[in-house]
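The values are calculated or read from the model by the stated rules, or taken from the named source; none is laboratory data. These numbers were taken from a predicted model, which means no experiment stands behind them. Cβ placement follows ideal geometry from the backbone for every residue including glycine, while neighbour counts extend to all protein chains displayed.
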Amino acid sequence: MATGITLEEVNELREFGNRLLRCKTLEEVVSVTFSKIEEKLHPQVISLFLFSKDGTLKRERMKGFDVYGMEIEDNWFPDEEYKPGESFSGRAASPKNPASSSPYGETYWVNDLESELEKFLNGKDYKAKLGSLKCGISVPLNGTHRTFGTLEALNKGYGSDDTSTSFVYLDSEVCWLTVLGAHVSSAVSRIRRKEEEKICTNISRKLADPDNRKVPQAEVYKSITDQFIGKLTPYKACILREGHGDKLFVIERSCTSDITFDGKGLEPRSVKGCLVGDVYQKKEPLIVDHIRSSDNRFFSLDWITSQGLKSFVCFPLTIQGESVGTISLYSGYTHKFTGNDIEFLENISYLLAAYIVGIKRASDAKLPKFEWNGVVVAGLSPIENKVLVALKSPEWEFRTVKGVASETGLTEESVKSTLEKYRGIYARVSLVPDNNGNALYTLISRFVTTRERLALLRIFISKSISNGFKTKRGA
């Protein structure tokens, strides 16, 4: 291809690239990039598409004008997305040759868009919005290991005073936008790396607590799992487990807004006979690019299938040769885990392992053991021991789940799960709830009190009077 791009333009683009590298946010990169494209090509519409957590190209930003010269608002086609290679916007995100082993897309352009309108998913809607579809360029944004988005320009010469401007994209302009796209890729990749570093820094500060804020364990764990499913990560679900004896207990979990943990229980996993148990015992990470190819190994396959999850990675939390837990992550598309992904997960795993060991040792040293009939109960996990010791406290006759969670630093889910597990063995529920309707728990050895019976009687009398009043009114 005869590019026609000059050395002066190349040097100008290099300076532009240096300017982009000074940008601190994606919004700033987009603003500078769109202004540069407007200045050079005068397109009617510029769009940026980035891969979503589902593996589709989703429109991240758009700037342009409709057929009436009005600026197009962001809420026009707010959920516009395409599969790689699909329609016009997705074509540049995949290699031209389907048989290619390359993970990178290639520039795609058309100078007679309306003749190919039927090939594009939303071509008719775009034509109605813009008035016409003459020409377009879509260039890939390539990262270190894969294409992560596309940059698109539609309809050349919009708003230009140059009457000699042709309404087709020249080879030199296609080449210019492709080179510009490479600089944009570098800038966005740099911001993403900085965001990963920020996650590591935030987690490190939470774990080390240099300001001596004494951050509760539950808050630390929730912060970590939430950051793992943040916008710039490929993950949609994160589950953190801690090992005690021959069991792995869920201590925290997070998921994106389109995922639910309904149908996936909190039951502890045995370290034998399941994937997370293998990781815990062998102290080696497990990577499953295609869950479907190994679906017979997954304990929660029904939940995985219902949520549309495709890839899985589980890392052991190990320190000085000791396994203390696991962290499991799921993605919504077939994710190829890169060296950067693995290094990032390794770093966080080491930090988490050190934190859990420190907390465990401090907790074991301070916390008394739960006794029943004067004998220490063996086989309890530290979480179960904490909950039952709190329930046994002589300072409280009855405890709520929230109260125990607040005192112990555990999640309300793990507290409730423990209390229900040992209900009828060591714990029972009061005959009446508290004033807010919350269940009240106490030891099963504490017999039903007169106060409970009176409270239950008051409720019964109140309901009887109310029902009698309704019956008289009905008569």
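Residues that are farther than 21 Å from SER52 by Cβ and touching a strand residue (DSSP E or B) at 6+ places or on another chain (Cβ under 6 Å): does segment 295-312 have at least one?
Within segment 295-312, not a single residue is farther than 21 Å from SER52 by Cβ and touching a strand residue (DSSP E or B) at 6+ places or on another chain (Cβ under 6 Å).
Scanning segment 126-155 for residues that are β-branched (Val, Ile, Thr) and surrounded by fewer than 24 Cβ atoms within 10 Å (Cβ to Cβ), which turns out farthest from PRO84 (Cα to Cα)?
THR144
Looking at segment 81-97, can you tell me whether even one residue there is within 23 Å of LEU41 (Cβ to Cβ), acidic (Asp, Glu) and modelled with pLDDT of 90 or more?
Scanning segment 81-97 turns up no residue that is within 23 Å of LEU41 (Cβ to Cβ), acidic (Asp, Glu) and modelled with pLDDT of 90 or more.
Looking only at segment 284-303, which residues are in a loop (DSSP other than H, G, I, E, B) and among the small types (Gly, Ala, Ser)?
Within segment 284-303, SER300 is the sole residue that qualifies.
Filter segment 287-335 down to residues that are out of contact with any Ser or Thr (no Cβ under 8 Å at 6 or more places or on another chain) and basic (Lys, Arg) and give me whichever is nearest to VAL276 (Cα to Cα).
Taking the candidates together, the pick is ARG297.
Can you find, within segment 88-116, the residue that is nearest to the chain's Cα centre (by Cα) among those that are surrounded by fewer than 18 Cβ atoms within 10 Å (Cβ to Cβ) and of a type in the set (Ser, Thr, Tyr)?
TYR104
Counting only residues that are at pLDDT below 90 and of a type in the set (Gly, Ala, Ser), which one in segment 406-438 is nearest to SER223 (Cα to Cα)?
Checking each candidate, the answer is GLY409.
When segment 190-201 is examined, which residues are found to be within 11 Å of LEU26 (Cβ to Cβ) and of a type in the set (S, T, N, Q)?
none
Does SER331 meet the test of being among the polar types (S, T, N, Q), outside the structural domain of GLY143 (by TED's automatic domain parsing), in contact with an Asp or Glu (Cβ under 7 Å, 6 or more places away or on another chain) and touching a residue at least 24 places away in the same chain (Cβ under 8 Å)?
Considered against the rule, which asks whether it is among the polar types (S, T, N, Q), outside the structural domain of GLY143 (by TED's automatic domain parsing), in contact with an Asp or Glu (Cβ under 7 Å, 6 or more places away or on another chain) and touching a residue at least 24 places away in the same chain (Cβ under 8 Å), SER331 comes out as no.
Of THR33, THR25, which residue is of a type in the set (Val, Ile, Thr) and surrounded by fewer than 17 Cβ atoms within 10 Å (Cβ to Cβ)?
Only one candidate qualifies: THR25.
Please work out if ASP278 is acidic (Asp, Glu), surrounded by fewer than 20 Cβ atoms within 10 Å (Cβ to Cβ) and at pLDDT below 80.
Criteria not met by ASP278.
Give the residue that is modelled with the highest pLDDT, with candidates limited to residues of segment 238-274 that are among the acidic types (Asp, Glu) and in a loop (DSSP other than H, G, I, E, B).
ASP258
So for segment 157-166 (the condition being out of contact with any Gly (no Cβ under 6 Å at 6 or more places or on another chain) and either modelled with pLDDT of 90 or more or farther than 17 Å from LEU41 by Cβ (or both)), does at least one residue qualify?
Scanning segment 157-166 turns up no residue that is out of contact with any Gly (no Cβ under 6 Å at 6 or more places or on another chain) and either modelled with pLDDT of 90 or more or farther than 17 Å from LEU41 by Cβ (or both).
Given the options TYR158, TYR169, name the one that is in the same structural domain as VAL32 (by TED's automatic domain parsing), closer than 23 Å to VAL10 by Cα, part of a loop (DSSP other than H, G, I, E, B) and touching a residue at least 12 places away in the same chain (Cβ under 8 Å).
TYR169
Regarding GLY55, is this residue in contact with a strand residue (DSSP E or B) (Cβ under 9 Å, 6 or more places away or on another chain), on the phi > 0 side of the Ramachandran plot and not polar (S, T, N, Q)?
yes
Inspect segment 303-314 for any residue being without any contact (Cβ under 8 Å) to a residue 12 or more places away in the chain and surrounded by fewer than 17 Cβ atoms within 10 Å (Cβ to Cβ) and give the result as yes or no.
Scanning segment 303-314, I find at least one residue that is without any contact (Cβ under 8 Å) to a residue 12 or more places away in the chain and surrounded by fewer than 17 Cβ atoms within 10 Å (Cβ to Cβ), so the answer is yes.
Could you grab me the full set of residues in segment 57-79 that are touching a Lys or Arg at 6+ places or on another chain (Cβ under 8 Å) and either within 14 Å of LEU141 (Cα to Cα) or touching a residue at least 60 places away in the same chain (Cβ under 8 Å) (or both)?
If the condition is that a residue be touching a Lys or Arg at 6+ places or on another chain (Cβ under 8 Å) and either within 14 Å of LEU141 (Cα to Cα) or touching a residue at least 60 places away in the same chain (Cβ under 8 Å) (or both), then LEU57, ASP66, VAL67 are the ones that fit.
Is there a residue in segment 176-196 that is part of a loop (DSSP other than H, G, I, E, B), closer than 30 Å to ILE224 by Cβ, in contact (Cβ under 8 Å) with a residue 12 or more places away in the chain and not assigned by TED's automatic domain parsing to the domain that holds ASN340?
no
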